[in-house]
Structure formats: structure tokens, C-alpha cells
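The block underneath contains the structure these notes are about, expressed in C-alpha cells.
Laboratory data are not the source of any read-out in this text; all were calculated from the coordinates shown. Just so we're clear, the structure is a prediction, and the values are computed from it rather than from any experiment. Please note: Cβ atoms are built from the backbone with ideal geometry, for glycine as well, and neighbour counts cover all protein chains shown.
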Amino acid sequence: MYILIGLAIVVASVCTGYIMSHGQFSVLFQPAEYLIILGAGLGAFFGSQTKYTFGLIVKSMGNIFGDPGSSKAKYLETLALLYALFSKMHREGVISIESDVEKPESSPIFSKYPSISKRTKTVTFIGDTLRVYLTTGDPADIDSLMKMDMATMHEEDLLPAHAVTHMAESMPGMGIVACVLGVVLTMGKINEPPEVLGHHIAAALVGTFIGILFCYGVFGPMGAKLENFAHEEHFYYNAIKEAVAAAIRGSTPLIAVEYGRRAIPCPFRPSFSEMEERLKSG
């Protein structure tokens, strides 16, 4: 939604300013320039990818026009899920959650929180961490394992953002390529009247204009959006990490989820009373 609103503002601002200056849109319609800039830019972008990174980019395309879904309700449900797991551990012993982490798809606890349990990456992050603790019984390295897992996920989430940003940064250069080609064509018409030469020079300069506009007004914001998406996801997993680490250290279920609550970004952080009420409701 925000990316669409932003693109609309960019286009409206550029077009309105051009109209106010009595510009003619027919001059901006240069299909050859668009083909050179977009074709060369996308070609270079595609050529720089591996099978792995290209797959990540394809999967992340929906994130450009979507939203991470960060909200107080999402964090509250996550804390409620963790509280249910921690309470069972505290009440019946660590081994009691073995079936929950081994088969979360059939776990009564996970199934009670469908909006979280359908997030495979989240369930795996929680399940793998608790599974290691069940196996070893040693909390010493759990925090480091979670940090390593989070760092890997974060870097992976940033790869599409960096790829799109690099493509955006190539657009002004591709615009110069189109402009230079336009100047070359114009020099071939050097004997034409000034009005003809002026039209061809203007057409050539459109290439530079389009390249810069695509960089800072279109693809640049898309790369930044993917980067912000990755950062919001990282905040989410950090809250889970703090809660799980506290529970494994021996904190009571309520204190453990309080650790998680304190790690939630302020705009989405529920008050202690709100969290307590959500935990009581199950």
C-alpha cells in the first residue's frame, strides 16, 4: 500500500511540475530510451544473480507491495503461544513439550494460535531451539544458537533488498548510455534545421531523466521497502529469542514472556496489563 502511494506521489509530482512548466508529454514518450534503460538494467540485474539469490528475489516480490504485518495483536498472540509452552514446561517438566516441538502441526498448543503456527519459519525457529534444549538439557549455547539463526535469516532477507538496490543504482548509468546513443544519432543529423536537432537532443536527454527517476523514484524505494521488511522481521524474532532464552535459563513463564515483551518495538509493544489479560484468556 505505502509503495503504491509513494509511487503515485512521485509520478504526480513530476508530471504536475512538468505541466506547470508548459512541458509537452509527447517529448517524454521515447520507447527506444525506455527499452535501452529497462532492458539493459534488468539484463545486468539478472546476470548478477545466482539460482539461490534469484529464488529469494522472486519469493520476496510480494513483500514490495505487502506489509510484514507487525502489530500489537501479532506480538500478543506470539507471547501467548510461548507462555503456553513455557507453562507446560514449568508444570510438567521440559520433556512434556517433546511432542509439541517434534510435531507442531498436531500440537494442541500450536493449533490454538493459527496465525502464528502457519508461519513455518517461526514455528521452526521456536521448535528447533527447544528441541536442542530437550536433547542436551544445557542452556549454555542456546542463546548463541538463536543469535546465529537470526543473523542468517536476517542476511538472507536482506539479499533481495540489496539486489534491487544495486539495480536501482545502475539506472542512472543506463540512462547515460541511452542519452549517449541519442546524441550519436543526433550528430548524424547535424545538417538538419535547429528545431529538428532540438527535438533529437531533447529525446536523448530523456534517457538521463528516466534513468535518474527510475533509480530514486521507483526501484530505490522498492529496495528500501524490502530492507525495512527484513528489519521488522528481525525485531519479531528478537522478541521470541529473548523470551525463549529466559525460559531456558529458568525464569518463570510470566517473567520469560516479559523479557519478550520488553524486546518488542515501542509502537507494537503491549502494556503489561494487556499482555497479562491476553495470557489469562489463553
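For region 1-47, a residue qualifies if it is more than 30 Å from Gly69 (Cβ to Cβ) and of a type in the set (Gly, Ala, Ser), and the qualifying residues are Gly17, Ser21, Gly23, Ser26, Ala32, Gly39, Ala40, Gly41, Gly43, Ala44, Gly47.
Over 31 Å from the mean Cα position of the chain (by Cα) and under 30 Å from Thr53 (Cβ atoms): which single residue out of Ala178, Ala140 fits that description? It would help to see each step written out before you state the result.
Details: Ala140 fails: under 30 Å from Thr53 (Cβ atoms).
Residue meeting the stated conditions: Ala178.
In the condition set (1) in contact with a His (Cβ under 9 Å, 6 or more places away or on another chain); (2) at positive phi, Thr252 is compliant with all but (2).
Right, Lys88: farther than 14 Å from Pro160 by Cβ, without any contact (Cβ under 8 Å) to a residue 24 or more places away in the chain, surrounded by 15 or more Cβ atoms within 10 Å (Cβ to Cβ) and of a type outside the set (S, T, N, Q) or not? Yes, satisfied.
Scan region 250-270 for residues that are surrounded by 14 or more Cβ atoms within 10 Å (Cβ to Cβ) and part of a helix (DSSP H, G or I) and the total you get is 10.
Those helices (runs of 4 or more DSSP H) of region 2-61 in which 2 or more residues are surrounded by 15 or more Cβ atoms within 10 Å (Cβ to Cβ) occupy 2-20, 31-47.
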